[in-house]
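Inspection log for the structure reproduced underneath, given as structure tokens.
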Amino acid sequence: MENTVEKLRIDGTRLWNTLMEMAEIGGTPAGGCNRQALTDEDKQGRDLFVRWCQEIGCEIRVDRMGNVFARRAGSEDLPPVITGSHLDTQPTGGKFDGVYGVLAGLEVLRTLDQHQIQTKAPVEVVVWTNEEGARFSPAMIGSGVWAGEFSLDYGHGRADKEGKTIGGELARIGYLGDEPAEPKPITAAFEAHIEQGPILEKQEQVIGVVTGVQGIRWYDVTFHGTPCHAGPTPMEDRRDPVQALSLLCQKLYGEVKAFSEDARMTCGDLRAEPGSRNTVPEKVVLALDLRHPQPEGLEHLHQSLHRLVKEVEEATGTTVEVRDEWHSPPVAFNEDCIAAVDKAVKSLGYSHRKMVSGAGHDSVYVSRVAPVSMIFVPCAGGLSHNEAESAEAEHLEAGCNVLLQAMLDRAGIA
Ligand SMILES: [Zn+2]
């Protein structure tokens, strides 16, 4: 039996066709998807997923946050092995972000059904509500409430731009379930996802064995200067916040690059006040994002920022204020789950590398209450959150085979 199971493969064509059928719901003329959380399109996508799961005899449960669980029974009374991701998309999203993780899970269930494989532990596929955070902020709120990061009231109260709430919209589309949104014991959890970055494609590798998720720190850095006329004021008499900003950026970019290839620095937004071409600004506010996979690395970047800010203040005569906006510590995934993925990749013979995720995922919250790891597959040009998002059928198939074998490893065969 063990031997047969090792030779078990998912059906790549069926997986691809399933992805393409789902992509028609909310499909955009440019070839992407607009299936935002709890819209009519999201309901249609959920309904289709539920129908597919019921066709192979799965039991469906929906919790109070609208997270959907499709369970294939095990032979023993054990905590389930779960997998899943999200079906909601960005307004100009692609066909694969999140959807792949859900439908790869469905393909695993279909493969087990087709070959009549009985696992010891039950196997479940989860659809998490509002991962993207596009319609309702914050992102990953379905898994967040479930894992205890947010209260149910907070989750239900989140409103979109029109004031419609998650609780109201769940009821409207028929996905306000009665099961408590809280974790039960779980044997292991896996999430397959497109990489959303360029590394696997660049290195011509098929599978990313994901060991964790980068830590993130957000800052608002405010540079205070003295506003003055762009003409009459000599350069040496100015306290110019933009000079301070550019000096800090130059120094910090240098340090980040020199520190580690895993470090990230992004200046995503800049705001000058009063914002007039012929006046030195009174202040400039920089939205800064620093990332590193290790806690010590992120701490190093944090310290560097504060040290360099002092240097810049001295050099420019400005004052610089650093305000912490958000801190999401690095996540290390579970060793046993990583090992199960690693073993599967090796036995299947796919090229692979270990990597950390640069983006947040439902697995971050799930990892707080259950053993978790992720499987990445390449996407063209690293492009995601974009209608042109694309992935190769062969890679999606490979990732799904890894998911199948890793889940069987943890679930056991009856
Ligand atoms: Zn995603």
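Select from the stretch 273-307 the residues that are touching a Leu at 6+ places or on another chain (Cβ under 9 Å) and part of a strand (DSSP E or B) and list them in ascending order. Explain how you work it out, then say what you get.
As a first pass, look at the stretch 273-307 and keep what is touching a Leu at 6+ places or on another chain (Cβ under 9 Å): 284-288, 290-292, 298, 301-302, 304-305.
Scanning the stretch 273-307 gives 284, 285, 286, 287, 288, 290, 291, 292.
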Point to revise | Every residue from the stretch 366-390 that is of a type in the set (A, V, I, L, M) and crowded, with 24+ Cβ neighbours inside 10 Å | key: 366, 372, 374, 375, 377
**Study point:** Residue satisfying condition, being of a type in the set (A, V, I, L, M) and farther than 30 Å from residue 398 by Cβ, within set 356, 341, 345, 320
**Key:** 320
Point to revise | residue 151 vs. criteria of a type in the set (Ser, Thr, Tyr), closer than 19 Å to residue 363 by Cβ and at pLDDT 95 or above | key: no
Review point. How many residues does the stretch 1-34 hold that are in contact with a Gly (Cβ under 7 Å, 6 or more places away or on another chain) and closer than 23 Å to residue 397 by Cβ?
Key: 4
Check your understanding: Considering 106, 48, 38, which residue is crowded, with 22+ Cβ neighbours inside 10 Å, aliphatic (A, V, I, L, M), outside any loop (DSSP other than H, G, I, E, B) and in contact with a helix residue (DSSP H, G or I) (Cβ under 8 Å, 6 or more places away or on another chain)?
Key -> 106
Exercise for review: Just one of (1) at pLDDT below 95; (2) assigned to a strand (DSSP E or B) trips up residue 5, so point out which.
Suggested key: (2)
Check your understanding: Quick one: residue 262 ticks every box in (1) modelled with pLDDT of 95 or more; (2) not in a helix (DSSP H, G or I) bar one, so which box is it?
Key -> (1)
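Given the options 117, 82, name the one that is part of a strand (DSSP E or B), of a type outside the set (Asp, Glu), within 20 Å of residue 340 (Cα to Cα) and away from the ligand (no atom under 16 Å from the Cβ).
Details: 117 fails: part of a strand (DSSP E or B).
Step by step, each of 117, 82 is checked, and only 82 is part of a strand (DSSP E or B), of a type outside the set (Asp, Glu), within 20 Å of residue 340 (Cα to Cα) and away from the ligand (no atom under 16 Å from the Cβ).
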Review point. Name the pairs whose Cβ atoms lie under 8 Å apart, with the first residue in the stretch 338-366 and touching a residue at least 40 places away in the same chain (Cβ under 8 Å) and closer than 18 Å to residue 384 by Cα, the second of a type in the set (Asp, Glu) and away from the ligand (no atom under 16 Å from the Cβ), and 6 or more positions between them or separate chains?
Key: 356/262
Point to revise | Residues of the stretch 229-250 classified as farther than 24 Å from residue 328 by Cα and buried (at least 17 other Cβ atoms within 10 Å of the Cβ), total | key: 9
Point to revise | The listed residue being away from the ligand (no atom under 16 Å from the Cβ) and under 28 Å from residue 364 (Cα atoms), out of 197, 174, 254 | key: 174
Point to revise | Breaking point among (1) at pLDDT 95 or above; (2) of a type in the set (S, T, N, Q); (3) surrounded by fewer than 22 Cβ atoms within 10 Å (Cβ to Cβ); (4) in contact with a strand residue (DSSP E or B) (Cβ under 8 Å, 6 or more places away or on another chain), for residue 347 | key: (4)
**Study point:** So residue 179, is it farther than 30 Å from residue 381 by Cβ, crowded, with 16+ Cβ neighbours inside 10 Å and in contact with a Lys or Arg (Cβ under 9 Å, 6 or more places away or on another chain)
**Key:** no
Check your understanding: Do we find a residue being charged (D, E, K, R), modelled with pLDDT of 95 or more and surrounded by fewer than 17 Cβ atoms within 10 Å (Cβ to Cβ) anywhere in the stretch 15-25?
Key -> yes
Exercise for review: Search the stretch 187-204 for residues being touching a helix residue (DSSP H, G or I) at 6+ places or on another chain (Cβ under 8 Å) and assigned to a loop (DSSP other than H, G, I, E, B), and hand back the single one that is surrounded by the fewest Cβ atoms within 10 Å (Cβ to Cβ).
Suggested key: 198
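Do we find a residue being hydroxyl-bearing (Ser, Thr, Tyr), over 19 Å from residue 295 (Cα atoms) and either within 16 Å of the ligand (Cβ to nearest atom) or surrounded by 17 or more Cβ atoms within 10 Å (Cβ to Cβ) (or both) anywhere in the stretch 318-328?
First, the residues of the stretch 318-328 that are hydroxyl-bearing (Ser, Thr, Tyr): 318-319, 328.
Checking the rest, the ones that are also over 19 Å from residue 295 (Cα atoms) come to 318-319.
Imposing the further condition that a residue be either within 16 Å of the ligand (Cβ to nearest atom) or surrounded by 17 or more Cβ atoms within 10 Å (Cβ to Cβ) (or both) reduces the set to 318.
Yes.
How about the stretch 321-364: which of its residues are in a loop (DSSP other than H, G, I, E, B) and either among the small types (Gly, Ala, Ser) or over 30 Å from residue 5 (Cα atoms) (or both)? Don't jump to the end; show me each part of the working.
In the first step, residues of the stretch 321-364 are kept if they are in a loop (DSSP other than H, G, I, E, B); the result is 329-330, 333-334, 349-351, 358-361.
Residues satisfying the conditions are 329, 330, 349, 351, 358, 359, 360.
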Check your understanding: Is it the case that the stretch 134-142 has a residue that's buried (at least 22 other Cβ atoms within 10 Å of the Cβ), within 14 Å of the chain's Cα centre (by Cα) and assigned to a helix (DSSP H, G or I)?
Key -> yes
Review point. So is residue 95 more than 11 Å from the ligand (Cβ to nearest atom) and either within 20 Å of residue 43 (Cβ to Cβ) or crowded, with 24+ Cβ neighbours inside 10 Å (or both) or not?
Key: yes
Point to revise | In the stretch 341-368, residue farthest from the ligand (Cβ to nearest atom) [restricted to those that are within 20 Å of residue 147 (Cβ to Cβ) and small (Gly, Ala, Ser)] | key: 367
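The values are calculated or read from the model by the stated rules, or taken from the named source; none is laboratory data. Keep in mind the model is a prediction, meaning the values are calculated, not measured. We place every Cβ from the backbone using ideal geometry, glycine too, and count neighbours over all the protein chains shown.
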